[in-house]
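This report concerns only the one structure given below.
The values are calculated or read from the model by the stated rules, or taken from the named source; none is laboratory data. Note that the structure is a prediction, hence the values are computed from the model and not measured. Cβ atoms come from the backbone with ideal geometry, glycine included; neighbour counts cover every protein chain shown.
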């Protein structure tokens, strides 16, 4: 079960999981795109319209997966939103509440409704997309960073509560990853192309390229597999070395990039 599977990291993960032999259900609010992705993956993939912040939708999504495939082994809480919130003072309560609902409450709902099925099977894997924003104070990300920090702690609690029942819970913390949330976000102050964002992200971390959705998909595949059977309660950072680096801010390193980003 992959939420937010209609685009970006979720779509890449759905494609990789099907390629590796999994049967996948995509849950997303992007109905047209979600159905296109599912159709392109054939009989091994289904789409269910899902507002991940709505408990009934999440229950229905998981019930569809169990009905279609007979069981649930992996729950990937990937759906998320962000951007355009402004400072703590400028962020509206409506924006704050929506970000917390989609980026944190939805992860809790995914765990809550998936866990009984995983426990019934004798175990399984819960994966949630967090962010490096969970660990760093980033301007304009008060709600987003708080939500992702909450995901990290929620993951730890889930891991401890259900380890004895065979369920592992981990989260992935992407850094600068080239996904639609960066180049096709309606909350952004101006439109940018994937090429422009990719060029800027080349200088955001020691590995000189943008993170790609496939980088996150590969991490999710490992966490879903038995190869990570002794890993639980962890925050797996996939950021090209960003958090490990003490390098100067992007604008000081690349004046030409700064000019194109204003």
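Entry remark, region 220-241: residues being within 18 Å of the chain's Cα centre (by Cα) and modelled with pLDDT under 95 number 2 in total. Cβ separations smaller than 6 Å between residues 6+ apart or across chains give the following pairs from region 208-237 residues that are without any contact (Cβ under 8 Å) to a residue 12 or more places away in the chain to residues that are assigned to a loop (DSSP other than H, G, I, E, B) and surrounded by 15 or more Cβ atoms within 10 Å (Cβ to Cβ): 208/202.
So which of 101, 53, 79 is within 22 Å of residue 169 (Cα to Cα) and out of contact with any helix residue (DSSP H, G or I) (no Cβ under 7 Å at 6 or more places or on another chain)?
The conditions single out 101.
The test for being under 17 Å from the mean Cα position of the chain (by Cα) and under 16 Å from residue 159 (Cα atoms) holds for residue 109. Contact annotation: residue pairs with Cβ atoms under 9 Å, 6 or more positions apart or on different chains, pairing a residue in region 81-109 that is within 22 Å of residue 62 (Cβ to Cβ) with a partner that is assigned to a helix (DSSP H, G or I) and modelled with pLDDT under 95, are 81/181. Can residue 152 be described as surrounded by fewer than 21 Cβ atoms within 10 Å (Cβ to Cβ), more than 21 Å from residue 54 (Cβ to Cβ) and under 13 Å from the mean Cα position of the chain (by Cα)? Here the answer is yes, as residue 152 does meet what is asked. Here residue 22 meets each of (1) assigned to a loop (DSSP other than H, G, I, E, B); (2) out of contact with any helix residue (DSSP H, G or I) (no Cβ under 6 Å at 6 or more places or on another chain); (3) free of Cβ contacts under 8 Å to residues at least 40 places away in the same chain; (4) crowded, with 17+ Cβ neighbours inside 10 Å with one exception, condition (3).
In the set (1) under 21 Å from residue 171 (Cα atoms); (2) surrounded by fewer than 16 Cβ atoms within 10 Å (Cβ to Cβ), the condition left unmet by residue 15 is number (2). Could you go through region 194-216 and let me know if any residue there is modelled with pLDDT of 95 or more and crowded, with 23+ Cβ neighbours inside 10 Å. Yes, region 194-216 contains a residue that is modelled with pLDDT of 95 or more and crowded, with 23+ Cβ neighbours inside 10 Å. Taking (1) within 14 Å of residue 52 (Cβ to Cβ); (2) within 16 Å of the chain's Cα centre (by Cα) in turn, residue 114 satisfies each apart from (2).
Scanning region 66-84 for residues that are surrounded by fewer than 24 Cβ atoms within 10 Å (Cβ to Cβ) and under 12 Å from residue 117 (Cβ atoms) gives 66, 67, 69, 70, 71, 72, 73, 74.
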